[in-house]
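Report on the structure given below.
The values are calculated or read from the model by the stated rules, or taken from the named source; none is laboratory data. None of these values were measured; they are calculated from a predicted model. Cβ sites come from the backbone with ideal geometry, for glycine too, and all protein chains shown count toward neighbours. To get the accessible areas, we keep the full protein, side chains included, count just its heavy atoms, and leave off ligands, DNA and RNA. Shrake-Rupley method; radii C 1.70, N 1.55, O 1.52, S 1.80 Å.
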Amino acid sequence: MRFLLDDEQREFARSLDAMLTAADTPAAARAWAAGDHAPGRALWGRLADADVFALAVPEEYEGMGLLPVDMVVAFVELGRHAVPGPVVETVAAGALLSRLAELGEAAPAKRLLTALASGEAITTLGLPEGGPFALDADAAALRLTVTGGELRLASGHARVERSLDPVRRLARLRPGELLASGAPVAAASRYAADWASLATAAQALGVGLALLDRTVAYVKQRTQFGTPIGGFQAVKHRLADVLIGLEFARPLLFGAALTLDTADVAAAKAATGEAAYGAARAALQLHGAIGYTAEYDLSLWLTKARALRGAWRGPGECRRLVLSGDREAD
Amino acid sequence: MDLDFTAGEEEFRQRARDWLAGHVPAEPLPSLETREGFAAHRAWEGELAADRWSVVSWPEEYGGQGVDIVKWLMFEEEYFAAGGPGRVSQNGINLLAPTLFDFGTDEQRARVLPPMASGEVIWVQAWSEPESGSDLASLRSTARRTSGGWLISGQKTWSSRAAFADRAFGLFRSEPYESGGTGNAKPHRGLTYLMFPLDADGVTVRPIGRLDGKPAFAELFLDDVFVPDEDVIGEPGQGWRIAMSTTGNERGLTLRSPGRFVASADRLVRQWRAHGDPADTALRDRVADAAIGARAYQLFTWANASRFAAGETIGAESSLNKVFWSEYDIALHETALDLLGAEGELADGGEWAEGYVFSLAGPIYAGTNEIQRDIIAERLLGLPKGRR
Ligand SMILES: Cc1cc2nc3c(=O)[nH]c(=O)nc-3n(C[C@H](O)[C@H](O)[C@H](O)COP(=O)(O)OP(=O)(O)OC[C@H]3O[C@@H](n4cnc5c(N)ncnc54)[C@H](O)[C@@H]3O)c2cc1C
């Protein structure tokens, strides 16, 4: 038992962090929210070069193999830097097509997986486990959807709706060409939903960490009553609770990456969702009115924390799954 | 990164499981906060010790099996899963023993540790005083030099299990401190850490009833109690540093092992499946949170154990543990009582009721959660130090 990241995984996180810091992701996120996908696409290319979209794709389709722990490492960084776009959906689609191939339905994987893994095809995904909307269908080159036990390539999408996170653009998909159907599709869909939920949980943890970092920096320099507000106990204790929430969600996330058990993933999703949302509430309060403005970058993480809490299985559904229990007496 | 245990670890787990299956009392022992229960728990410590299960992580020469932190965690998991009784020796094992390993003499270790391991001598912690709780360094009980030792005087309070226990370890002021004065300006200086028997001349023990009336702790009145030099731990005057090195242990890895919460959460989930109302999603969510919290604490501890094994030290992070488990424990028990419904009010209604009363003290002892949050904010988040 060595429940710690290895050096390579740490290095992977560090290099993504450095790349995303240099890439000015907040600017790309703002452009994405305004419907200008160009900076986001450039960013997408760099993520692909770092193999982020190849982490749920077998080597025979030019992926890295199925590496859920590395995927979690990457998505914590994507959350910390508020990366825009259907990143979760693309990786989960990779898991879906890979699994389908493993279950004997290899044609869709052969046709689509390489482009997905290389970052050439931004992909969105709608599954029965994931709610009515697909993310960023207007930006995606590939739109996959499972309904009624059938995997289809969507022919298009309905009007784009605004999310309360302006960076997330939501739309219902229109079913199109049939790619596969039957029991393997249902199994692959459940498997992909676990990946999506796990990736969302990782992104949420990253969002929470970014909110805490920014808030700690802010309360150290913002002065009221002649002293930094970070010296007041009410402020300190609130931030201590945020740290506790995030630090106890983190091991659930990595534990779930190791088991990929639906109940474990649900526990991680519930805990990271609550912890990130708690971080957002504290961040907004402790920034005062400046935190309530769209122009301050903090808003990018604030609104995302709420949206991710509900995305790919909300808190109630996660808790139901925890108790539905594959792992009765561990 | 993995969650796999080695064959040797699994073999150890199986050995512990087998032993516990053959020995854990079929009926729960009476509450250890009663005279009868205390005696029964003392006997149980002896039974554990006879086969070297009372202090598995200690070196063999003192009665342990010399196992590492991972095996210790496994043992604890098995212990609580098997329904093992509460540990009446816990303050000695978790607080005094680590201090003696680090700061004691060979003679002290040889004299103190084996009877601690067997439950023959049960220890209490005599730190708190009526005027010194969170501000422990303000304590006023004194130690005065005399030939061959020290004379201690003053009043200690809230000493857990002192009503029935044998010996105490505590902090005493051996050099005067005048607050606001010009001399010794730091209250933490000039404290001496020492051990004394509760039945010595000059010691009066007055039991105090906790919320449910059971004498779970006591006041100690000390009037020129003689303590020989060999019962001083470390250098006289260095007591604060020595004592603080053990609070890390108390809050950190050893005071509350995840095994206890994992076992309780499993039990709660089983009860929910058997008796819960599926339509009551509010209660269902709390049961789920209990399961999630136990797993989070277990994995968090494994991560710390892995860091430990890799040679890192666990410092102020232990304050994260303390706040987490103490608040978790209350939520767990509140949920269980709510699931029991009207039966939950029964004081003798099984382990949940007694556990509930015990859990309520968690945010107060071992350093209050307010003090822990200060530590987290200042040492882990780097926020400015405030007045204490
Ligand atoms: C069940 C139980 C068992 C115990 N066992 C032992 C034992 O075996 N040996 C022993 O020595 N002691 C023991 N204690 C005592 C325990 O260590 C003290 O209760 C604890 O240190 C708090 O001190 P206090 O009770 O005097 O509270 P106080 O220090 O008076 O605090 C009261 C409240 O004020 C808050 N407060 C105080 N200062 C601050 C501050 N600076 N900032 C914010 N809030 C603050 C505290 O957090 C608390 O909520 C036990 C206590 C309990 C409840």
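Odds and ends about this structure:
- Condition check for B:A97: open to solvent by less than 30 Å² (accessible area, probe 1.4 Å), within 14 Å of the ligand (Cβ to nearest atom), under 18 Å from B:E230 (Cβ atoms) and in contact with a Leu (Cβ under 7 Å, 6 or more places away or on another chain): no
- Residue in the stretch B:328-340 that is within 14 Å of chain A (Cβ to nearest Cβ), of a type in the set (G, A, S) and within 11 Å of the ligand (Cβ to nearest atom) present: no
- Among the candidates B:G83, B:G8, residue that is open to solvent by less than 60 Å² (accessible area, probe 1.4 Å), within 14 Å of chain A (Cβ to nearest Cβ), of a type in the set (G, A, S) and assigned to a loop (DSSP other than H, G, I, E, B): B:G83
- Subset of the stretch B:341-373 (residues that are in contact with a helix residue (DSSP H, G or I) (Cβ under 7 Å, 6 or more places away or on another chain), open to solvent by less than 20 Å² (accessible area, probe 1.4 Å) and more than 14 Å from chain A (Cβ to nearest Cβ)): B:G344, B:W352, B:G355, B:S359, B:G362, B:A366
- Filtered by the rule that a residue be more than 16 Å from the ligand (Cβ to nearest atom), surrounded by fewer than 20 Cβ atoms within 10 Å (Cβ to Cβ) and either aliphatic (A, V, I, L, M) or touching a residue at least 12 places away in the same chain (Cβ under 8 Å) (or both), the stretch B:142-163 gives B:T142, B:R144, B:R145, B:T146, B:G148, B:G149, B:L151, B:S153.
- Filtering the stretch B:11-38 to residues that are in contact (Cβ under 8 Å) with a residue 60 or more places away in the chain, assigned to a helix (DSSP H, G or I) and more than 30 Å from A:L258 (Cβ to Cβ) leaves B:R35, B:F38.
- Identity of the residue in the stretch B:107-120, among the hydrophobic types (A, V, I, L, M, F, W, C) and away from the ligand (no atom under 16 Å from the Cβ), that ends up most open to solvent (accessible area, probe 1.4 Å): B:A110
- Checking each residue in the stretch B:200-226 for being part of a strand (DSSP E or B) and away from the ligand (no atom under 16 Å from the Cβ) picks out B:T204, B:D223, B:D224, B:V225, B:F226.
- Filtered residues of the stretch A:217-260 (kept if assigned to a strand (DSSP E or B) and at the interface with another protein chain (Cβ under 7 Å from one of its Cβ atoms)): A:P228
- Criterion applied to A:A263, A:A210, A:A267, A:A271 was being in contact with a Ser or Thr (Cβ under 9 Å, 6 or more places away or on another chain) and either open to solvent by less than 20 Å² (accessible area, probe 1.4 Å) or facing chain B (nearest Cβ under 10 Å) (or both), and the one residue passing it is A:A263.
- Checklist (1) open to solvent by 30 Å² or more (accessible area, probe 1.4 Å); (2) touching a helix residue (DSSP H, G or I) at 6+ places or on another chain (Cβ under 7 Å); (3) modelled with pLDDT of 95 or more; (4) within 14 Å of another protein chain (Cβ to nearest Cβ) applied to B:K385, failing item: (3)
- Any hit, the stretch B:308-316, residues being within 9 Å of chain A (Cβ to nearest Cβ), within 26 Å of A:A275 (Cα to Cα), more than 15 Å from the ligand (Cβ to nearest atom) and among the aliphatic types (A, V, I, L, M): no
- Taking the conditions (1) touching an Asp or Glu at 6+ places or on another chain (Cβ under 7 Å); (2) within 14 Å of chain A (Cβ to nearest Cβ); (3) open to solvent by 60 Å² or more (accessible area, probe 1.4 Å) in turn, B:R379 satisfies each one other than (1).
- Taking each residue of the stretch B:94-119 that is touching a residue at least 60 places away in the same chain (Cβ under 8 Å) and among the polar types (S, T, N, Q) and looking for partners that are assigned to a helix (DSSP H, G or I) and open to solvent by 20 Å² or more (accessible area, probe 1.4 Å) with beta-carbon atoms closer than 6 Å, six or more apart or interchain, yields B:S118/B:G46; B:S118/B:A49.
- Evaluation of B:V124 against (1) surrounded by fewer than 22 Cβ atoms within 10 Å (Cβ to Cβ); (2) within 16 Å of the ligand (Cβ to nearest atom); (3) β-branched (V, I, T) (one fails), failing number: (1)
- Contact map, the stretch B:368-388: first residue more than 20 Å from B:S128 (Cα to Cα) and more than 8 Å from the ligand (Cβ to nearest atom), second residue hydrophobic (A, V, I, L, M, F, W, C) and outside any helix (DSSP H, G or I), Cβ cut-off under 6 Å, separation 6 or more or different chains; pairs are B:A377/B:L383; B:R379/B:A316; B:L380/B:A316.
- Check on A:E60, surrounded by 18 or more Cβ atoms within 10 Å (Cβ to Cβ) and more than 15 Å from the chain's Cα centre (by Cα): no
- Taking every residue in the stretch A:303-319 that is within 11 Å of another protein chain (Cβ to nearest Cβ) and pairing it with any residue that is surrounded by fewer than 22 Cβ atoms within 10 Å (Cβ to Cβ) and among the basic types (K, R), at least 6 positions away or on another chain, the pairs with Cβ-Cβ distances below 7 Å are A:R319/B:R284.
- Residue within the stretch A:244-258 that is surrounded by fewer than 19 Cβ atoms within 10 Å (Cβ to Cβ) and modelled with pLDDT of 95 or more present: yes
- Residues that are open to solvent by 50 Å² or more (accessible area, probe 1.4 Å) and in contact (Cβ under 8 Å) with a residue 40 or more places away in the chain, drawn from the stretch A:139-168: A:L164, A:P166
- Just one of the numbered conditions (1) open to solvent by less than 10 Å² (accessible area, probe 1.4 Å); (2) touching a Ser or Thr at 6+ places or on another chain (Cβ under 7 Å) is not true of B:G259: (2).
- Residues of the stretch B:279-288 satisfying the condition of being in contact with a helix residue (DSSP H, G or I) (Cβ under 7 Å, 6 or more places away or on another chain) and open to solvent by 10 Å² or more (accessible area, probe 1.4 Å): B:T281, B:L283, B:R284, B:D285, B:R286
- Enumeration of residues in the stretch A:298-328 that are open to solvent by 50 Å² or more (accessible area, probe 1.4 Å) and either outside any helix (DSSP H, G or I) or touching a Cys at 6+ places or on another chain (Cβ under 7 Å) (or both): A:D326, A:R327, A:E328
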